Each structure stands twice: as structure tokens, then as C-alpha cells.
Number of protein chains: 2
Amino acid sequence: MRVHVQNDPDDPGFLITPDHWRRATAAEPPHAVSFGETTEDFLRVRDEVELLVGPPAALRPLRALLGPKLRMVFSNAAGVDGLAPLDWLPDGVVLVNNRGTHGVKAGEYVAMAALVLAARLPALMEAQREGRWLRLPAPPLAGRHALVIGTGDLGGAGARALRVLGVRVTGVNTRGTPHPDCDAVRPVAALDDLLPEADLLVLACPLTEATRGLIDRRRLGLLPAGAGVVNIGRGALLDDAALCDALDAGRLGGAVLDVFPVEPLPQGHRIWRTRNLVATPHLSCDDPASYNDRSLAILTANLRAWRAGEALPNRVDPARGY
Amino acid sequence: MRVHVQNDPDDPGFLITPDHWRRATAAEPPHAVSFGETTEDFLRVRDEVELLVGPPAALRPLRALLGPKLRMVFSNAAGVDGLAPLDWLPDGVVLVNNRGTHGVKAGEYVAMAALVLAARLPALMEAQREGRWLRLPAPPLAGRHALVIGTGDLGGAGARALRVLGVRVTGVNTRGTPHPDCDAVRPVAALDDLLPEADLLVLACPLTEATRGLIDRRRLGLLPAGAGVVNIGRGALLDDAALCDALDAGRLGGAVLDVFPVEPLPQGHRIWRTRNLVATPHLSCDDPASYNDRSLAILTANLRAWRAGEALPNRVDPARGY
């Protein structure tokens, strides 16, 4: 297959190198592969390329420039909302994402966030900065109830990590399809009934037209007083101004966010300085040292399925958007 | 049995109330019980008291005032270093502690500390205060190696929580006695050989004459660059000035401390403001809402063993100091 890897020079920690490619494809039939960063780099090989690989930010400018032999686009990210709407995808070209890459760190991040919120660490660290010995009581995390929205790679890993810590987990997905790491799964249509029972709300679903603004001001208001919020999905799932208001008012207990309405989150943004809010720079489900190896192993598994004429495990449904 | 409960009014979140006592002893033969806070309160009943109950801070001033009928002293804390040396204990009087009370929160605290250090959260939160989008790479916690010093209630719970997160755990105790939640256990005499292999050092042992200053400047220097340190035992186990030096120099990756050389840690102390150091106010293994119920359930289990003429599971050995 003729492969082109398009990298995003603005995200230098995640460049796919010839070494990554070689390691991932050692057991593959030989592919001719080129690497580029600019539109010109792509245009030089466009007419021959059958498989186009890269992160959404690098693929985005190429959407209107695709060549005649293209068969597959591989997003080196699980969320393809940056390529939406997916109507640019030519007939017969499949879009594949790398879901499965993020599980280990996503589980650890959700566990950390839940423990940090249960221990009231943001308030303790604020007291620390003032040199104040503040003995805030904090019941254990074990025994609490979490609502995990999205039961894919991220949400499943989060649910698994929470249950290991003794948390009761209710998953939420489109149709309430059961998940082995959730105590129960309910359809998203039941959300308003579920929010008042959640000590912890974890957002781990893709951003699509159906999920944009899912947790709006009204729904944040349905959470019980003192509840915590964790977002590892996408910033636009959540009304961040309403979240900051609820934290400032002390109505919610705390929040841990790894994703934001604009990234990088600009200096001076209210999110940076809202109390009981921990903001991490959209890296917490990623381990740069292993990311591309994990991701390309998922690509090659999909290539094997492709050659065998089987369904592609990571194929994105353009209508659903994930 | 004639019981006196001596409370510490300076620790109002942990007062043992008549309700606590009633709940704990519902299945006990009736005890006459009095409650007090001052030395005068105790002296009024001293001549009759057979069982004296209280936290070390409340028992400490009574050590030279014990009455003739005393048979048992129950420390409403696991660490009895505040009562050391234990030479004040009259012949035939047993000292019992509440080890077993702290496990759930200790496990959660160690898990949180390990995840916070692996994710480099202290540095991310410092960047957050400055409104800086700092994409620090952080490999997962899973697969790292922790050295847990002390394999009692705290260390055992910590080891269990770490292994669930995929951490390889080497426990350390006096003689290298195996522990079911550790991959291996080595004697404390092997410490110098173990420290260079530890990504994470967790201190969870009692403070005794044998452990005071155990992790001194030289031993901190044996840890590999970037290692993390967690202390839930006692502040005096560790040379805190050497720890702060190593953090300031960037030689160690971070530290999470719940115990300190002086408590409350005074305002202005260097520990409050050392970078990559999280300081929590010696509460993180305690849940005030359940503490006394858990603790007194342990006391009544020991009273049952006492009446049955069996060995007391929580008896403190005055020679060992725990």
C-alpha cells in the first residue's frame, strides 16, 4: 500500500517517525511510505496515496485535496470531531481512528481525579499555599456513586479503575448497551433521572452533534450539592461557564478537566483560576513515549482485517461521528 | 468494667461521645463509663478506672497518675510514639492501639499520591496558577516499582492499592516477613540495596527508636533521579530538610506528605512552599465520620479476646513500641 504520514509540527511530542512506522509494520507486507508536514508535502504524493495517516489537526487542511487512489484515512487520535462534519470523505474511503490507545492512562487519570476530589485535595493545596493547617474532613471514595458518560475506550477504562476503588459505576451510552466494567448502563435519554444520584460525573464520550453541550447549565444544576465533575472527553460537552459558576458558589465540590472549549486554554481564562478546579493540558490520557507505537499497532490490526475482508474494528461511522 | 474516656478538646473532630460508646458496646456486658477532658476529670475517677480510653495527646498527661485498678489502656490512634518511652506502663497493664482503623483511607491516599506523582500534577497545578498550558509528558504509573516501608495496616493497604494499579510492590519490614499484598518483602537491613531500584518510596511504618530518621539524607540520595516519596507514617521517619533540598534541586520528582516533624506544621515552614511537594494535614488516613466507630469496634474485639483469655490482636509490645 502507498502510505503517507502527515505530521503536525505544532505538536512535536507526537510526531510519527520512520522508526515508529518501521516498528509497527515489521510483520506487514511492505508499504511505500512518505512523511510530510505541509500541504505541499502532501500534494507531491497525493495522486499515489492509498492510506493517509495523521492527527486530525494535520489531516484537516487536506480534506478537500484528497487523491484518486485513497482507500483509508487513519486518525492518530480517537476523537475525530476536528474533522467534522465527515461529508468530505469520498465514497469508498474508510475513516479509522485509534481508539484503544488511551485506556491505560485514561483509567489512571479518572482514578486520580476521583481520589483527588474525594480527598478535597484542591482545597488542601490552596491552604498549603497559604501555609494553613486545614483539617478538612473527607469521607472515603469507596462506596460513592459515579456516572460515566461514554463506555468506549476512555469511559470503559475509567469505569474499571473506579470499580477497583470501590465506586459503584453507572455507565451511560446511546442505547444503554451493557458494559462489563459498569454496575449498570442506562441510555442517555435517562440522564436527567441519573444526575441527581451521582456523587461524581465523568465525561468520556466523543463530541458529536448529539453530545455537544450535553451537560448544560440546567443539567449541572441536577447534580447533588458537593458532587464532582471530571471531563476527559471534549471541552464542548460541558458548559464551562456554568461549571465555574457552580464551583465559585460552592455548590459543586470540585472538578478535574483535561479538555477545554479552546485548546490551548488561553492565559487569563477563568477556568485556570476557578477554585476547586484542577486543569491539566489535554495530555493526561496520552503517554508520548508509547503513544505512536500503541496507535500504529491499532492501525496495523485494522489493515490485517482489511486484507482479510473483515469488518474494521476502528472504523468511524460518518453518520454517528465516532 | 469501669471505663474512662479521656478526650482531647484540641482535636474536636475526633471526640469520643457517649453515642459512639453506646453503639460500639451494644453487644458488650454493661460497662460503667465516664468522659472527661481535664486532668481533674480523670483524677475524680482514677481510683476506680480499669480501662482508660483516649488519643495519645489526651493520655499523655495521665501517664504518671494512673490508678490501682487499671488493667488496660486503649490508644485511639495506631501510632503510640506520642506515649513513648512506654516505661510508664505499670506491670500487668496492657496497652492496646486501634490499628485496622485507617486501612480504607490509607489505601486511597497512597493510590492518590502515587497517581498524582506519576501524572506530575504538582507541576501541572503550578503551571495552572500561572495560566500556562504546560504539556509535561508523564508515563503511566502501571509498571513502576514501589518500596513500601512498613507492612502493617497502613502499609498493607497502600501495597494493595498500588498493586491494583499495576505497580510492582516490594514491602520492607523488620525481618522480611512475607505479606500477601506485596510482590516481595525484604528486611529493613536490605534498605540500602533496595532504594536505588524504587520509583516510589512509601513510608508507612511506626515511629520507634529503630525507625527515627530511617530515611536520612544519605538514603534519600540513594533513590534514583525523579523518584517520588510518600509519607503517611510519622514525620520524624524522614529528614525533611534533605527531602526539600532534593526537590528544590529537581533531583527527586515529587513528594506527598501527610505527616510532619511538627504538627500542626507552622506557617512559614519550608515544607509548605517546596516545589513538587504536596502537604496534607495528617487527616488523610482518617475519616472523622466513621473513625470512632471503627476504632471502638476494634477495642470491643480486643475486650472479647480479653474475656476469653486469648491474645489481644492489638496489644502493643512496649519493647518494640508498636
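Tabulated data
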| read-out | value |
| --- | --- |
| Any hit, the range B:301-313, residues being open to solvent by 40 Å² or more (accessible area, probe 1.4 Å), of a type in the set (Asp, Glu) and away from every other protein chain (no Cβ under 14 Å) | yes |
| Among (1) more than 19 Å from the chain's Cα centre (by Cα); (2) over 21 Å from B:Asn314 (Cα atoms) - the single one B:Asp11 does not satisfy | (1) |
| When residues of the range A:175-192 are limited to those that are of a type in the set (D, E, K, R) and more than 15 Å from A:Leu154 (Cβ to Cβ), the one surrounded by the most Cβ atoms within 10 Å (Cβ to Cβ) | A:Arg186 |
| Filtered residue count, the range A:270-282, keeping only those that are open to solvent by 10 Å² or more (accessible area, probe 1.4 Å) and either at the interface with chain B (Cβ under 7 Å from one of its Cβ atoms) or within 9 Å of B:Gln128 (Cα to Cα) (or both) | 2 |
| Checklist (1) more than 14 Å from chain A (Cβ to nearest Cβ); (2) more than 17 Å from the chain's Cα centre (by Cα); (3) small (Gly, Ala, Ser); (4) within 30 Å of A:Thr280 (Cα to Cα) applied to B:Ala189, failing item | (4) |
| Elements of type helices (runs of 4 or more DSSP H) contained in the range B:39-133, each with 3 or more residues being within 14 Å of chain A (Cβ to nearest Cβ) and open to solvent by less than 60 Å² (accessible area, probe 1.4 Å) | B:103-118, B:121-129 |
| Residue match in the range A:2-23 (condition: aromatic (Phe, Trp, Tyr), in contact (Cβ under 8 Å) with a residue 60 or more places away in the chain and open to solvent by 20 Å² or more (accessible area, probe 1.4 Å)) | yes |
| Hey, B:Val256 within 12 Å of chain A (Cβ to nearest Cβ), modelled with pLDDT of 95 or more and exposed (fewer than 15 other Cβ atoms within 10 Å of the Cβ) or not | no |
| Extreme residue, most open to solvent (accessible area, probe 1.4 Å), among residues of the range B:212-241 that are assigned to a loop (DSSP other than H, G, I, E, B) and touching a residue at least 60 places away in the same chain (Cβ under 8 Å) | B:Arg234 |
| Which listed residue, of B:Asp245, B:Asp317, is outside any loop (DSSP other than H, G, I, E, B), open to solvent by 40 Å² or more (accessible area, probe 1.4 Å) and without any contact (Cβ under 8 Å) to a residue 60 or more places away in the chain | B:Asp245 |
| B:Ala297, sole failed condition from (1) under 24 Å from A:Pro139 (Cα atoms); (2) not in a helix (DSSP H, G or I) | (2) |
| Test: B:Pro196 is under 21 Å from B:Val104 (Cα atoms) and not charged (D, E, K, R) | no |
| Residue satisfying all of: in the range A:134-169; in a helix (DSSP H, G or I) and charged (D, E, K, R); surrounded by the most Cβ atoms within 10 Å (Cβ to Cβ) among these | A:Asp153 |
| One residue from B:Val172, B:Val202 being open to solvent by less than 60 Å² (accessible area, probe 1.4 Å) and in contact (Cβ under 8 Å) with a residue 40 or more places away in the chain | B:Val202 |
| Test: B:Pro264 is without any contact (Cβ under 8 Å) to a residue 24 or more places away in the chain and open to solvent by 60 Å² or more (accessible area, probe 1.4 Å) | yes |
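The values are calculated or read from the model by the stated rules, or taken from the named source; none is laboratory data. If you're wondering where the values come from, they're calculated on a predicted model, not measured in any experiment. With ideal geometry, Cβ positions are generated from the backbone for all residues, glycine too; neighbour counts draw on all protein chains shown. Just so you know, the surface numbers come from the protein's heavy atoms only, side chains and all, with ligands and any DNA or RNA stripped out. Shrake-Rupley method; radii C 1.70, N 1.55, O 1.52, S 1.80 Å.
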